[in-house]
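A short write-up of the structure that comes next.
The values are calculated or read from the model by the stated rules, or taken from the named source; none is laboratory data. Keep in mind the model is a prediction, meaning the values are calculated, not measured. As a convention, Cβ positions derive from the backbone with ideal geometry for all residues, glycine included, and neighbour counts pool all protein chains shown.
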Amino acid sequence: MTLRRPARLSLRVLAIAYITILLLAPLFVVFWRTFEHGFGDAFDWMTTPAAVSALWLTLIIAVIAVPCNTIFGIACAMITVRSHGRLGRWLDAVLDLPFIVSPVVIGLALLLVYGQTGWFSALFADNGIKIIYAVPGMVLATIFVSLPFVAREVTPVLREIGDDQEQAAATLGASSWQTFWRITLPSIRWGVAYGVVLSTARALGEIGAVLVVSSNVAGQTLTLPLLVYQRNEQVGTGESQLLTSVYAAATELAVISLVVLAVMMAFGSRRSSRK
Amino acid sequence: MRGPARRPARKIARTTVGGDNPLTLGLVVLYLSLIVLIPLAAVAVKGVSSGLGSFWSSVTNTLSLRALGITLLMSLIVAAIGAVMGTLVAWVLVRDRFPGQRLLGTLIDLPFALPSIVAGLTLVALYGPDSPVGINIAYTRGSTLLALMFVALPFGVRAVQPVLMELDLEAEEAAASLGAGSATIFRRIVLPALTPAIISGAALAFARSVGEFGALALIAGKVPIASIVIFDDIESGDTQSAAALSLVLMIISLVMLVAIRRTGGRVVGTH
């Protein structure tokens with residue numbers, strides 16, 4: 001149906017206003033507040049030792065978590081698409097869990113298993129291996145929350161492609177590894193790429209689960225999101241007078257996320273044009 | 001007469017990696033168990049570990065009950081608003097043409113890319129005590145609603161958008177040629193076609209909002225929120241209460257999950 005001009009315009013204005021009021025204006029205010037007192041101040045807050053190590057830790061955790069979930073995701077997609085019986089659907093349902101369960105519950109769950117008095121304490125804690133309240137726990141939490149993305153993006157791609165080419169390769173004598181590496185992987189690469197981007201965005205931004213499993217000591221086990229949280233707490237108790245510190249850390253995180261969003265946009269259009 | 005041609009003696013290699021490969025399957029299941037299934041089971045076990053009576057009393061104490069009630073109510077409201085606004089935005093993205101439309105479409109995914117704590121901070125910055133335009137609704141239910149609307153925004157839009165794109169315009173054109181006005185066409189033809197998608201989007205928004213923590217951590221203040229109560233319990237060492245309330249949230253989430261899948265929706269990933 002085609003609307004008359006006034007109706008069309010009002011809907012347009014409403015939609016744009018909604019996005020602006022909810023997303024754009026608040027984000028803009030954070031950017032503005034960050035640089036309100038000059039670039040120098042903001043830059044100083046972004047380069048404190050705590051901030052630098054937080055950025056590093058965030059990146060390192062993502063660099064561990066995302067490849068793990070990528071390999072898992074591809075394997076999971078292969079099983080979902082190519083196995084018989086209900087296994088595929090069961091796997092598919094389990095993949096929804098990291099998304100639907102609250103992050104603090106995820107943190108609690110990992111604490112109860114890998115913590116000092118957890119189910120696996122005999123394996124880890126009793127042998128002096130610290131998982132919870134240390135970086136390994138944070139990696140686990142990040143893996144949990146960013147788990148489904150690659151699997152979910154690759155599965156429909158794999159399903160659509162079918163295995164004709166792989167069958168042909170096999171009749172020509174290729175081993176299963178060769179087939180996978182030379183034929184399967186290239187054909188799913190855009191699904192993998194988009195899934196990796198989504199996974200990375202999630203891994204970089206995680207707060208709830210990581211907050212529960214980390215020890216919150218500045219400079220030791222703080223990620224950038226945790227730094228934002230901690231600085232905000234400090235402002236509340238008057239330890240740090242300047243709100244700028246909070247905004248600066250948030251801006252850093254926001255800029256990284258916007259870059260990821262841009263990559264998402266680029267890969268997204270590649271992905272749909274290949275379908 | 002010759003017999004049928006002999007099969008080549010060469011053995012045909014496995015055609016697929018994974019799929020029927022037990023090693024891959026085993027590793028995938030192990031990965032899922034160690035990271036997802038066993039930890040979640042531990043929460044369920046811990047929740048009822050001091051007996052069902054203790055479970056019940058930790059869940060029904062005043063704070064937990066209030067937090068649950070407010071969280072569920074807020075999530076419901078967000079789902080409803082998200083459904084309406086999501087349909088509106090999807091309409092504008094699909095049926096309209098204007099410069100910057102593609103950019104607007106990408107911005108819808110911002111809540112997916114932006115860390116939830118930054119989302120909460122942006123809302124505090126504009127609508128809190130430090131607001132440049134003098135609006136201060138931080139630490140109230142209103143701000144909680146705003147924060148949840150932020151994180152749930154994409155679901156309402158993305159659920160409806162593809163369905164709207166696939167809609168066959170013939171029915172609408174036929175109705176128009178028979179004299180129906182736009183409102184009637186929307187109500188009688190478009191809306192019924194969109195309803196399953198709208199509901200699916202609303203259910204997703206609800207499921208997302210019920211467990212949200214990061215966006216609310218900075219802006220909720222004294223408003224009791226289930227995830228924040230759980231967090232406080234963990235911090236104070238009361239893992240049993242935390243697990244009990246978590247178990248309730250998990251059950252609610254699972255019910256939503258089943259409902260979403262039944263209506264053909266997807267929680268993560270694209271169609």
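Here is how the numbers come out for the structure above:
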{"read-out": "Residue in the stretch B:250-258 that is under 30 Å from A:Y229 (Cβ atoms) and more than 10 Å from chain A (Cβ to nearest Cβ) present", "value": "yes"}
{"read-out": "So B:I77, is it surrounded by fewer than 18 Cβ atoms within 10 Å (Cβ to Cβ) and within 23 Å of the chain's Cα centre (by Cα)", "value": "yes"}
{"read-out": "Residue check, B:L245 within 8 Å of chain A (Cβ to nearest Cβ) and either modelled with pLDDT of 90 or more or within 27 Å of B:V160 (Cα to Cα) (or both)", "value": "no"}
{"read-out": "Residues (within 21 Å of B:L257 (Cβ to Cβ) and either at pLDDT below 85 or more than 9 Å from every other protein chain (Cβ to nearest Cβ) (or both)) located in the stretch A:75-90", "value": "A:T80, A:R86, A:L87, A:G88, A:R89, A:W90"}
{"read-out": "Positions within the stretch B:103-143 being touching a Ser or Thr at 6+ places or on another chain (Cβ under 9 Å) and among the β-branched types (V, I, T), in sequence order", "value": "B:V118, B:V124, B:I137"}
{"read-out": "Helices (runs of 4 or more DSSP H) lying entirely in the stretch A:1-92 (those with 1 or more residues that are in the same structural domain as A:S199 (by TED's automatic domain parsing), closer than 25 Å to A:V139 by Cα and not hydrophobic (A, V, I, L, M, F, W, C))", "value": "A:49-82"}
{"read-out": "Residue check for B:E212: of a type in the set (D, E, K, R) and at pLDDT 90 or above", "value": "yes"}
{"read-out": "Cβ pairs under 7 Å, 6+ apart, first in the stretch A:112-128 and under 24 Å from B:V48 (Cα atoms) and not assigned by TED's automatic domain parsing to the domain that holds A:M138, second modelled with pLDDT of 90 or more and of a type in the set (D, E)", "value": "none"}
{"read-out": "Extreme residue, nearest to B:A259 (Cα to Cα), among residues of the stretch B:193-224 that are within 10 Å of chain A (Cβ to nearest Cβ) and not in a helix (DSSP H, G or I)", "value": "B:G211"}
{"read-out": "Residues that are within 13 Å of B:G128 (Cα to Cα) and either touching a helix residue (DSSP H, G or I) at 6+ places or on another chain (Cβ under 7 Å) or buried (at least 24 other Cβ atoms within 10 Å of the Cβ) (or both), drawn from the stretch B:142-162", "value": "B:S143, B:T144, B:L146, B:A147"}
{"read-out": "Test set (1) surrounded by fewer than 17 Cβ atoms within 10 Å (Cβ to Cβ); (2) outside any helix (DSSP H, G or I) - A:R182 fails condition number", "value": "(2)"}
{"read-out": "Tally of residues being among the polar types (S, T, N, Q) and modelled with pLDDT of 85 or more across the stretch A:118-166", "value": "3"}
{"read-out": "Complete set of residues in the stretch A:73-89 that are surrounded by 21 or more Cβ atoms within 10 Å (Cβ to Cβ) and closer than 17 Å to B:Y31 by Cα", "value": "A:G73, A:I74, A:A75, A:C76, A:A77, A:M78, A:I79, A:T80"}
{"read-out": "Top-ranked residue of the stretch A:166-176 - restricted to ones that are assigned to a helix (DSSP H, G or I) and facing chain B (nearest Cβ under 7 Å), ranked as surrounded by the fewest Cβ atoms within 10 Å (Cβ to Cβ)", "value": "A:T171"}
{"read-out": "Qualifying residue in the stretch A:124-136 (condition: part of a helix (DSSP H, G or I), aliphatic (A, V, I, L, M) and within 22 Å of A:N69 (Cα to Cα))", "value": "yes"}
{"read-out": "Among the candidates B:A244, B:A193, B:A207, B:A174, residue that is free of Cβ contacts under 8 Å to residues at least 12 places away in the same chain and of a type in the set (A, V, I, L, M, F, W, C)", "value": "B:A174"}
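Condition check ((1) surrounded by fewer than 15 Cβ atoms within 10 Å (Cβ to Cβ); (2) acidic (D, E); (3) at pLDDT below 85) across all residues:
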position	(1), (2), (3)
A:Y18	no, no, no
A:I21	yes, no, no
A:R33	no, no, no
A:H37	yes, no, yes
A:D41	no, yes, yes
A:P49	yes, no, no
